[in-house]
Each structure stands twice: as C-alpha cells, then as structure tokens.
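The values are calculated or read from the model by the stated rules, or taken from the named source; none is laboratory data. Quantities reported herein were computed from a predicted structural model and do not represent experimental measurements. Here the Cβ positions follow ideal geometry from the backbone for every residue, glycine too, while neighbour counts run over all protein chains shown. Accessible surface areas use protein heavy atoms only, side chains included; no ligands, DNA or RNA. Shrake-Rupley method; radii C 1.70, N 1.55, O 1.52, S 1.80 Å.
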Amino acid sequence: MALAALWFGVTATSVSVGAQSDAVPTGCEGLLGVRSTAGYLHVWSETIELRQMEAACRSSDNAPFYWQMRAMGENLLGNHRAALLDFDRQRPRWERLEYADLPADARSAPALAYIAERAAKHRFVMVNERHHVSTERLLTLTLLRPLYKQGFRYLAAEALTPWMTDIDVRGYPVQADGTYVVDAVFGELLREAVALGFQVVPYEQREEQGPPTDGMNDQQVRDYWQAHNLIAGTLERDPEAKVLVHCGYSHLHEVASPRWTSMAHYFKEATGLDPLTVDQVLFAERGIRDAEHPWRTDAESRGLVAEQAVVLVDAAGTLLPVEPLQVDVRVLNPRTAYVNDRPAWMGMDGRRRTVAISTPECVEAACVVEASNIAWEQQAVPYDRIEVVDDTVDMYLPSGVEVEWRAYRLDGSPVFRRTLSTVVGDREPVKP
C-alpha cells in the first residue's frame, strides 16, 4: 500500500508515486497512479521520490494531496518537524472562525487516568491519530496496561493490512503488516500489545468488499466495511470482547454529517454499543502555530499543558464540552521538546533511553540509520529509524537488548552493519 493511505475518502490502494528506479520524476502525475506501482527497496524510497517531485507538485492542483503524502513520508524517516510543517502547508491557518472562548475556570487533568476511568463503563475504546505524527501513537501505547487490567484483550488497528498474519507468533510487526506500522512508535505499540497478551486485529476494507447498498460513496463504503470487519474480528469471535481501537482522523466520529459517515457511526448502528471515543486531532500540535486550535493556544498560555497528555475540565473536574460534539473526549498532547534535534517523546514514557551512535560515514552524504533487535528478521519494524547527516546521532533504545545497526544511503545502498549490546543512557558515542 502506498503512503497515500487515506484522507477524507481518498482510497490510497490505487495510488502510488512509482517504483524505486533510475528514472527521476519530472512531473506530479505519479500522485494519480500514472507511473509504475512496482515495489520499493525500502520504506523510505517513496519519500525520496516525493522529494524529487516537489518542484512539480507544490504549484499543481494536487499540491494538498502531495503535502499530505510528503508529511507521512518524512515521519517514517524520523523527521518530525518536517512532517508537521509539510502537512500544514496545505492549511496554514485555523479556519474555524466562530468558537467559544476557553472558559476562565478551565483546568487540565491527566488524560491517561481520565480515559482509563471512563473506559470501565465501555467495551470499546477508540483513539485516533494523524498518520504523519508518531507521538499520537503514544496515548494508545500507554493505555494498553490499564485497559488490560480492565479485561480488554483485543487491539484493533486501522493501520494493519487485511492480510496481516503471525504478529502474535513472532512477537513483533514486519513491513508487510501495514503502511503506518513501519513507524518506530507504531512498532513499539504492537510489540507491547502482543507482550501483554492482546490479540491484534486488522479491520481495513478488503479489495473484494464493494458497496453493500446503492448510493454509497467511496468513503461510506470504506467506513461501513471497517465497522463490519471490526465486528467480525472481535464480537463475532468473542461476544463479550473488550476492544481498544486505534484509527485515523474522523473514523471515530460518532455522529454522521453530510460530508462523512464514519466507522464509529456504522459500528454503533450495527451493534447498539456506545464506544468511548478519544480524539487527538482537534487540539493537536501543528507545524504552523497559526493552524492550531485557539483553545490549545489559550491553554498553553495559562500553563494548562503538562508534560503528559491532558483533558480540559472545569473547576469541578467535569470535562469541558468541545464543539463540534462528535466524540466523547478531546485530548491535548504536549508540545514536542527536542534534545539533540530529536523529539524527547521518543523516550516513550521511560521505555527508551538515548544511545549516541558514531556515524562518520554519514557526514558527506545522508544515511538512514535503523536499530533493530539482532534476533528479528530483516523486515522487522526497528526500534528506531532516523535520517542522519552528521558524525553522531542519538538513537532511542530499550535496555538490555542485542542491537543490530544498519545504515543505508537514501537510494537504499548499504553503508554499514554493526551489532552492540546496549548500554542505556551512555552519551559517549558508540564507535564504529
């Protein structure tokens, strides 16, 4: 599946920017699937091709679609700043002009504890993300343990391909398991889920699943099948199932609108169950601050944004209602802090610490450096992946593991391969 996986009903399985080849793109036509759809050498190959297409695409009618794809691609290379900025090039300012001011008595409360408490009254909890922002996978990661204690045993993820297999056996995801799954944080989310005992469930629309009724547009067809595949993978197997669902953008909106009939809406309609829906998008950190929701700006100015995700409540601790009323909970994540030009949230709530890696081979020409468990197969999603143009880079790793470092040029050619037993927190560069 190409990086252009879905945005407001655009189905990306038919979209590609072309194959890894000697030909350099000269136009923007590849965004529409005109060019070859042969396989790529590496997960970042498409990103490099997108960079080559920038001059042609940024002034074309396809520019908004191009920047969405580019943002997702930069994210896979660990370029968080670039991913945020590229996505917002299509919408540099907050567009909703009419909104109520953040109430004067607004307070903040830890989101993890609030959601876990409310989850006790629900069998399905749905959390969304923007596909170009790794940090929005961290909330679901931190929810795994408290929800497991409440009897949740299924993790369903939109990002997984319908043909995903054997994660439960391997204990880790591989590249073929899904487009967004190849991100380092998503990989950790799935590894943690399997280690705790969750059954991992794909629910994306399959190619053979066409319109169930006449008059449905492509977006409605996709969300309808997402809902029914979710039901088939959980409730039909286990009528008492308790499920944590990780999805994208508006798929968890509970109220249908003229523009969008969501997976969550179809799910409620089919089952009668009311999911707890948790949105991370409305109050999100953006690459251009003028594009952020005014409540986020106001909350930050009042010191309400903590180092962990929060929800906004009134003086009595009651959740503030946020327009539009499409979900149960709106989360406000902290703004990214950077250490040595890397997002500090890559520490993943204490699961990771930094190890400085010496990369003199990457000074003259950029490398992509990956850190993977030496026992995993070649296509496993790594602990960390970062584009490097320097003689040292910080990598975020768990402790006590045997790591294999692999470095490549942007064209996929190998640069070096090394093994190391990690010494967590050691800021002295690990020499070649």
Hits in segment 356-370 - residues which are out of contact with any Ser or Thr (no Cβ under 8 Å at 6 or more places or on another chain), open to solvent by 10 Å² or more (accessible area, probe 1.4 Å) and either within 24 Å of PRO398 (Cα to Cα) or assigned to a helix (DSSP H, G or I) (or both): PRO360, GLU361, GLU370
Qualifying positions in segment 379-394 - part of a loop (DSSP other than H, G, I, E, B) and acidic (Asp, Glu): ASP390, ASP391
Enumeration of residues in segment 316-336 that are surrounded by fewer than 16 Cβ atoms within 10 Å (Cβ to Cβ), touching a residue at least 40 places away in the same chain (Cβ under 8 Å) and closer than 16 Å to SER108 by Cβ: GLY317, LEU319, ARG335
Segment 294-324, residues that are in a loop (DSSP other than H, G, I, E, B) and touching a Lys or Arg at 6+ places or on another chain (Cβ under 8 Å): LEU304, VAL305, ASP314, ALA315, GLY317, VAL322
Number of positions in segment 290-315 that are at positive phi and either surrounded by 14 or more Cβ atoms within 10 Å (Cβ to Cβ) or in contact with a strand residue (DSSP E or B) (Cβ under 8 Å, 6 or more places away or on another chain) (or both): 0
Hits in segment 68-83 - residues which are open to solvent by less than 20 Å² (accessible area, probe 1.4 Å) and more than 15 Å from ASP183 (Cα to Cα): GLN68
Which numbered condition LEU190 fails, given (1) part of a helix (DSSP H, G or I); (2) under 29 Å from VAL369 (Cα atoms); (3) open to solvent by 10 Å² or more (accessible area, probe 1.4 Å): (3)
Test: GLY178 is out of contact with any helix residue (DSSP H, G or I) (no Cβ under 9 Å at 6 or more places or on another chain) and either open to solvent by less than 10 Å² (accessible area, probe 1.4 Å) or touching a residue at least 24 places away in the same chain (Cβ under 8 Å) (or both): no
Filtered residue count, segment 337-350, keeping only those that are touching a Leu at 6+ places or on another chain (Cβ under 8 Å) and buried (at least 16 other Cβ atoms within 10 Å of the Cβ): 2
Segment 384-414, subset touching a residue at least 40 places away in the same chain (Cβ under 8 Å) and more than 14 Å from ILE357 (Cα to Cα), residue surrounded by the most Cβ atoms within 10 Å (Cβ to Cβ): TYR408
Enumeration of residues in segment 205-220 that are within 17 Å of THR161 (Cα to Cα) and open to solvent by less than 20 Å² (accessible area, probe 1.4 Å): GLN209
Test for LYS242: is it farther than 22 Å from LEU189 by Cβ, in contact (Cβ under 8 Å) with a residue 12 or more places away in the chain and of a type in the set (Lys, Arg): no
Some residue of segment 100-117 being under 27 Å from GLN226 (Cβ atoms), in a helix (DSSP H, G or I) and open to solvent by 20 Å² or more (accessible area, probe 1.4 Å): yes
ALA356 over 22 Å from the mean Cα position of the chain (by Cα), at pLDDT below 95 and farther than 30 Å from GLU307 by Cβ: no
Filter result for the condition that a residue is without any contact (Cβ under 8 Å) to a residue 60 or more places away in the chain, under 23 Å from PRO146 (Cβ atoms) and touching a His at 6+ places or on another chain (Cβ under 8 Å), over PHE283, PHE198: PHE283
Cβ-Cβ under 9 Å pairs, at least 6 apart or on other chains, segment 161-172 side closer than 20 Å to PRO382 by Cβ, far side hydroxyl-bearing (Ser, Thr, Tyr): THR161/THR179
